[in-house]
Amino acid sequence: MTNQTAPIVVVGAGVAGLVCAIELHSAGRPVLVLDAESEVGGRVRSTTRDGLVFDHGFQVLFTAYPTLRSYLDLDALAPRKFLPAARIVQGGRVSLIGDAFSDPSLLIDTVMARAVPLGDKLRLLALRRFAQQLSVDECFTARFAGVSTREYLASRGFSATVIDGFFAPFYGGILLDRTLATSASVLLFTFKMLAEGDTVVPATGMGALTKQLAARLPPGMVRTGVGVQSLTVNDGRVNGVVLAGGDVMLAAQVIMATDAPAAARLAATAGVQIATPSGARGTTTLYFTTSGASPIPGRALWLNADASAVISHAVTVTDVAPEYAPRGVSLIAASAVGEAADRSDADLESAGRREFAAMARAAGDAAADAKATALTRVAVWRVPYAQFAQPPGWREHRPTIACGIPGLWRASEVLHSSSLEGAARGGQDAARAVLQSH
């Protein structure tokens, strides 16, 4: 028997779980959000240590995300903007490629950039216009979802030089996949978001985003440090959860807002097998500090386009958000993706110093080696499941919100796309499905 006076239990206090809870609470339903971690956020968290802010892996917020933006007070986050541009380093040469529509000061550098031939620059403009004309839902139609990013770019006439020298490192950072095997839908969606808004981080770290979402809920509605180990079933219906300590909590409904593998494990305790995306995209982010000049300065992302690159992309975070470090200290975030992300801390640090020096030399910095040597590694953040794989055709096999047994639901990015917007949509859609069913 289900106690209908019991709360709806949301398992997971990441973006999806918090948005789901906000919707349910707004509809007047009793809700309780449980999370095993000591703080809210899921994969969107920040840790502050010795005055330094470390996001749990290099992350950014696209202000154009339509669903997520509707739940946020962006001004209260004090967003700090990246330059809408990237410095491409390849073959000992640096080129700055930017969106001159968003920032006209980038026009001359972009026109003069040798890394992208004129024809490909015109194709970039055409792709920008095309992505903007699409709605978010149109980006994910079968027309684009069925081909890889690499195939789609080639079909639009982009040269192999630009596909490998610009898109691979740039979208390798977004898709965590330098092979560009991810569905072209994700390319178009992110291209649209980049064109229609700013790329930012909150002044106090990405964790401020999920803390703000949690603050929209009444005190006590979100309980951290409370893990859920299994589900309880009565008369063929999920009617509660078993906490990590063995206590049983009744629930009117249970909504799983965890990552895909954790949701599959939890559903299995109720004898239910749910669809789970195969494959995971991981990333490892190294943080360095220096009290001197950064070897890779500026508010633009530095892209390491060389085929042998270990560090895919890097940025001096404090040039974007000075609040990430004490005055006089520069904080650098450098990320490895794919197989490189699995290298040891020592190997990644060595590669980072070496590749920072090479990038700075390519930019004409005579003190490149000294600046790289002066860096201090202060943190390494490994996120083995940063995204689920999104190859062509994956959306045809997406999980459903209802999980095949009464009382159990899914709120997750897997319902839309592996992104902050996807998580917000997953949470919103799950809440509305539960509300419509009762």
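Read-outs throughout are calculated quantities, based only on the coordinates presented, and are distinct from any laboratory measurement. This one's a predicted model, so the numbers in the text were calculated from it and none came from an experiment. Positions of Cβ are backbone-derived with ideal geometry, glycine not excepted, and every protein chain shown enters the neighbour counts.
Suppose R0 equals 41 Å; then what is the FRET efficiency for T179 and T5 from their Cβ-Cβ distance, rounded to the nearest 0.05? Efficiency, rounded to the nearest 0.05: 0.20. Quick check: the angle from helix 118-133's long axis to the longest principal axis of the chain, C-alpha only, nearest 10 degrees? Helix 118-133 and the main axis of the chain meet at about 20 degrees. Here the gap between S38 and D235, fully extended at 0.36 nm per residue and compared with their Cα-Cα distance, gives a gain of 67.5 nm. Taken as Cα centroids, the stretch 350-366 and the stretch 401-438 sit 45 Å apart, rounded to the nearest whole angstrom. Taking I332, I22, I405 in turn, the Gaussian network model of the chain (Cα-Cα springs below 10 Å) assigns the largest fluctuation to I405. Maximal additional length on extending the S26-F101 stretch stands at 23.1 nm, based on 0.36 nm per residue less the C-alpha distance.
Modelled spin-label separation between K121 and R93, with each label point placed 7 Å from Cα along the Cα-to-Cβ direction: 1.3 nm.
Here S308 and A142 are evaluated by their C-beta separation; at R0 = 30 Å the FRET efficiency comes out at 0.25. Only Cα pairs under 8 Å and 6+ residues apart enter the sum, and on that basis the relative contact order of the chain stands at 25 percent. Rounded to whole Å, give me the distance from the Cα center of the stretch 246-277 to that of the stretch 77-101. If you average the Cα positions of each part, the centres end up 42 Å apart. The fewest-to-most ranking of C139, C20 by surrounding Cβ atoms within 10 Å reads C139, C20. Using the Kirkwood formula on the Cα atoms of the chain, what hydrodynamic radius do you get, in angstrom to one decimal? Kirkwood hydrodynamic radius for the chain: 22.6 Å. Highest mobility in the GNM of the chain, judged by mean-square fluctuation with C-alpha springs under 10 Å and restricted to A358, A260, A307, is found for A307.
Computed 3J(HN,Hα) for the stretch 347-361, one whole-Hz value per residue from the Karplus formula 6.51 cos²θ - 1.76 cosθ + 1.60 where θ = phi - 60°, is 5, 5, 5, 4, 5, x, 4, 5, 6, 4, 4, 5, 5, 5, 4, glycine and proline marked x. Here the calculated FRET efficiency for D50 and A275, from their Cβ-Cβ distance with R0 = 25 Å, stands at 0.05, rounded to the nearest 0.05.
Among L180, L34, the order by Cβ neighbours within 10 angstrom, fewest to most, reads L180, L34.
Between L435 and F130, the modelled label-to-label distance comes to 3.8 nm, taking each label 7 Å out from Cα in the direction of the beta carbon. Phi angles across the stretch 373-383 convert, under the Karplus curve 6.51 cos²θ - 1.76 cosθ + 1.60 with θ = phi - 60°, into 3J(HN,Hα) values of 5, 6, 5, 10, 6, 10, 6, 10, 10, 9, 10 Hz, Gly and Pro given as x.
Only DSSP H runs of four or more residues enter the estimate; each adds -39500 (n - 2.57), and after division by the residues of the chain the mean residue ellipticity at 222 nm equals -9000 deg cm²/dmol.
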